[in-house]
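The values are calculated or read from the model by the stated rules, or taken from the named source; none is laboratory data. What you are looking at is a predicted structure, and each value in this text was computed from that prediction instead of being measured. Cβ placement follows ideal geometry from the backbone for every residue including glycine, while neighbour counts extend to all protein chains displayed.
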Amino acid sequence: MSTQRKFVAGGLVIVAALGYLIWSGVTQSVVYFVTPSELLAAPVANKTYRLGGLVLPGSLTWDAKSLALSFTLSDGKAQVPVRHRGAPPDLFAEGRGAVVEGAWARGGYFQASLILAKHSEEYKAPHDGADPGYKELLKSLRGKDK
Amino acid sequence: MIAELGYAATVVGFVLALYGAMAGVIGVRTGRADWLRTSERAAVGIWILITACMALMLYAFLTFDFSVRYVAMNTNRGTPFYYRITALWGALEGSIVLWAWMLSIYTLIVVVRYRRRQPELYPWVLSVMLGILAFFLLVMSIPAPPFERLSPIPPDGRGLNPLLEDSGMITHPVALYLGFTGFSVPFAFAMAALIVGRTGDEWITITRRWTIVAWYFLSLGLLIGGWWSYHVLGWGGYWAWDPVENAAFMPWLTGTAFLHSVMIQERRRMLKLWNLTLIILTFGLTLFGTFLTRSGIIGSVHSFTQGSIGVFFLAFLALALLGAFSLLAWRTDHLRAQGELDSAVSRESVFLLNNLFLIAATFTVFFGTVFPLLSEAARGVKVSVGAPFFNLVNIPIFLALLFLMGVGPLIAWRRASAENLKRNFLKPVLAGIVAAAVLRLFGVGNVLVLTAMALVVFVAGTITLDYGRAVRARRRSGDGWSAATWGLLLRQNRRYGGFVVHLGILVIALGVAGSQAWSLQTETTLEKGQSVELAGYRVRFDGLSASEESNHFKVTGAFTMTTGRSSFAELRPARKFYPQEQTPIAAVDYRLGWVEDVYLVLGDFARDGSRATVKLQVNRLVSWLWIGGLVLTLGAALAILPDHRKPA
């Protein structure tokens, strides 16, 4: 019987260790999701956040040479300037929702390390007026290469 | 017309499943065989009806019948032929049909195989299977009807999600669902054994083999999913701890735990209660995974739909778990262990630890997946726990499992002597230490990578040692080299099938560790004629071209890749513009290699074709993931073959 007890005791020690591992994992890597107004109310520098909002129309600048991407995220009440290094990802555009992960920099902007563009599920009838842009693109590229 | 026929088949199927399940119960309670035959005929009828649903849906897709809403949403006139077939399971409603269809096939197999062999358990097994089928047919009738009409009928459909236009989508969902549904068979047998009160050994053997079958398909599904993620999504990774991936990974973990702990029950008559719990958990997790991914409760890269379907799944999950655990509680007295543990240094305790760690990993994945939900519900705070959490907690657990994988198969049952330990483990341990030391000398500094590599070598050492001994023993009894080496795999297919699976895991571990530690990437903008360099590869941008495909426009970049040895290759990454999508989708181009893959993604570009932003990655050892996966599935297939130790 004492062998069984030892097993139970040993098992409990391991379970406790695993519990601690999970607990410390959560406290170390949990990332809070904030809106621009929540972030600006109490910005903590160098703490990782996920910031979600609308990419303000007219705020997007992208310099291909230096890969500098900057835009403003807004929730209607507050606006946060965001900087990122890298090409704008698929599904990312002005006037659309985006979530960025990164930290508040001392310079007064949000330095994003990751952009998660939001996929809109809206139904869009195909071939409706949205593609002349593609047609034109097709033409301009064909003219150049052929 | 098709919609009406399909809907009628679904509803009739649902009624038939309920009726068949009840007929089975009546048959066994009254001892009347004709009721049982009724139940069997219901199972056959349901299979025919669901097959008809599949055929009708396929016909609707191939003839562009946009009066069926599901067809209109998932295809359009430009969708290539193959993807009109796979579009069948490209979204929620169709995948439920596929699910139900596979379940009906498994049910038929149960009828054919066990009606004579397991007369006592069989009626209950059939009833449970029909009950599960009834649930899926109910889902097809009310919350997710695949044959819903669309009115007015649109001139063209919306089109398949472009990311699903890939050959991986032909096999990935099929394998995954064969895995998911496969776990219903062990569950049904477990329920039957509890109801009948026959918790002996026979059913557990049947259950074990069915679990390997389901496990085999689930592994295959996960691997193909990883491959799809790697070569379609264009982020250079294969696993993101996305809720959808986690949903499929959790039953895999508990299924793995069961496949190990069942050996203790077979050998030592212990852990009966625990094994039943694992079967129930595994089945529950397949339902939970579907709930998680299909209810839209968690925002995921590919969490697909919303609606009342989540409620149905949650209710059925609650019902199944409640029923199963009540039965378990009712039969506890049958489930007392007949053996007991002797020593902490024994195979039993290694298996127990293995189970403990696998369950811990399952819990971690579960917790990390639902934590954002809990946090928002309980405290109103929106949080996310991403890959860092899963990696931080799971890497130590997986390393520990890797270690146990080396120890378990060779350590003695009951109590291992110092002699046994020295004989089996001294050389492999030394090999592991030497491997780590050599890697350290070559400049590998990452402790996790060193540990992983040392463990891989250690486990490979134990497998080689054991297999070598067995081969030499066969040689002494007169076999030739090939007969001894290959014949052994077949003669003791259960043991060595397991070894081959372990080898596969080792190769995968190598791939994961290598790709995490040594992959490189760079992002830059190139003018025409300019090059980017990374790890000895030079990639030159030669220009852009555009083309019109059947259902999208495509802008393709031309790149020339050269290495130091002046060999070169053309890389053609592209961006595809689908009319039904708001933004373009990247198509990666890559060259796979034994040691490293070159992986090129086209990003933003100038409309005149003079400039392009690219992401270049050199991903190390990723190919070994797919090779390891292949080895693993071969091993599982070997273990499924009939057991040769006992005369059949």
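Quick notes
- Residue match in segment B:94-102 (condition: outside any loop (DSSP other than H, G, I, E, B), farther than 30 Å from residue B:36 by Cβ and touching a Phe, Trp or Tyr at 6+ places or on another chain (Cβ under 8 Å)): yes
- Residues in segment B:41-80 that are of a type outside the set (A, V, I, L, M), part of a helix (DSSP H, G or I) and crowded, with 19+ Cβ neighbours inside 10 Å: 6 in all.
- The set of residues in segment B:196-222 being of a type in the set (S, T, N, Q) and either in the same structural domain as residue B:105 (by TED's automatic domain parsing) or not in a helix (DSSP H, G or I) (or both) consists of B:199 alone.
- Per the conditions (1) loosely packed, with under 14 Cβ neighbours inside 10 Å; (2) within 14 Å of another protein chain (Cβ to nearest Cβ); (3) more than 21 Å from residue B:288 (Cβ to Cβ), the sole criterion not satisfied by residue B:376 is (3).
- Single residue of segment A:2-18 satisfying the filter (of a type in the set (Gly, Ala, Ser) and within 9 Å of chain B (Cβ to nearest Cβ)) that is farthest from the chain's Cα centre (by Cα): A:10
- Candidate set: segment B:557-615, residues that are within 16 Å of residue B:521 (Cα to Cα) and free of Cβ contacts under 8 Å to residues at least 40 places away in the same chain; chosen: the one surrounded by the fewest Cβ atoms within 10 Å (Cβ to Cβ): B:595
Residue-by-condition table, conditions (1) within 30 Å of the chain's Cα centre (by Cα); (2) more than 14 Å from chain A (Cβ to nearest Cβ); (3) assigned to a helix (DSSP H, G or I):
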site	(1), (2), (3)
B:545	no, no, no
B:554	no, no, no
B:590	yes, yes, no
B:604	no, no, no
B:608	no, no, no
B:612	no, no, no
B:635	yes, yes, yes
B:639	yes, yes, yes
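- Looking across B:390, B:403, one residue alone is touching a residue at least 40 places away in the same chain (Cβ under 8 Å) and either under 30 Å from residue B:481 (Cα atoms) or in contact with a Leu (Cβ under 6 Å, 6 or more places away or on another chain) (or both). It is B:403.
- Top-ranked residue in segment B:351-373 [being more than 30 Å from residue B:266 (Cβ to Cβ) and more than 9 Å from chain A (Cβ to nearest Cβ); ranked as surrounded by the most Cβ atoms within 10 Å (Cβ to Cβ)]: B:369
- Of the criteria (1) exposed (fewer than 15 other Cβ atoms within 10 Å of the Cβ); (2) modelled with pLDDT under 85, which one residue A:131 fails: (1)
- Selected residue [in a helix (DSSP H, G or I) and more than 29 Å from the chain's Cα centre (by Cα)] from B:452, B:460, B:437: B:437
- Candidates B:367, B:363, B:312 - the one that is hydrophobic (A, V, I, L, M, F, W, C) and either modelled with pLDDT under 90 or more than 23 Å from residue B:401 (Cα to Cα) (or both): B:312
- The requirement of being touching a helix residue (DSSP H, G or I) at 6+ places or on another chain (Cβ under 6 Å) and at pLDDT below 95 is not satisfied by residue B:11.
- Positions within segment B:133-157 being buried (at least 23 other Cβ atoms within 10 Å of the Cβ), of a type outside the set (A, V, I, L, M) and in a loop (DSSP other than H, G, I, E, B), in sequence order: B:146, B:147, B:157
- Residues satisfying the stated conditions in segment B:380-413, i.e. farther than 17 Å from residue B:353 by Cβ, outside any helix (DSSP H, G or I) and within 26 Å of the chain's Cα centre (by Cα): B:384, B:385, B:386
- For segment A:51-96, the set of residues classified as in a strand (DSSP E or B), among the small types (Gly, Ala, Ser), within 11 Å of chain B (Cβ to nearest Cβ) and touching a residue at least 24 places away in the same chain (Cβ under 8 Å) consists of A:52 only.
- Selection from segment B:517-543 of residues that are within 22 Å of residue A:86 (Cβ to Cβ), more than 14 Å from every other protein chain (Cβ to nearest Cβ) and either among the aliphatic types (A, V, I, L, M) or without any contact (Cβ under 8 Å) to a residue 60 or more places away in the chain (or both): B:520, B:531, B:533, B:534, B:535, B:538, B:539, B:540
- Candidate set from segment B:20-40 (those that are of a type in the set (Gly, Ala, Ser) and surrounded by fewer than 19 Cβ atoms within 10 Å (Cβ to Cβ)); member that is farthest from residue B:94 (Cα to Cα): B:31
- Filtering segment B:435-470 to residues that are exposed (fewer than 14 other Cβ atoms within 10 Å of the Cβ), of a type outside the set (Gly, Ala, Ser) and closer than 30 Å to residue B:343 by Cβ leaves only B:469.
- Some residue of segment B:621-628 being part of a strand (DSSP E or B), buried (at least 17 other Cβ atoms within 10 Å of the Cβ) and not assigned by TED's automatic domain parsing to the domain that holds residue B:509: no
- Inside segment B:426-475, residues that are among the aromatic types (Phe, Trp, Tyr) and in contact (Cβ under 8 Å) with a residue 12 or more places away in the chain make up a count of 2.
- Residue check, residue A:96 in the same structural domain as residue A:108 (by TED's automatic domain parsing) and buried (at least 16 other Cβ atoms within 10 Å of the Cβ): yes
- Of the candidates B:322, B:341, B:327, B:314, the single residue that is among the hydrophobic types (A, V, I, L, M, F, W, C), within 27 Å of the chain's Cα centre (by Cα) and surrounded by 13 or more Cβ atoms within 10 Å (Cβ to Cβ) is B:314.
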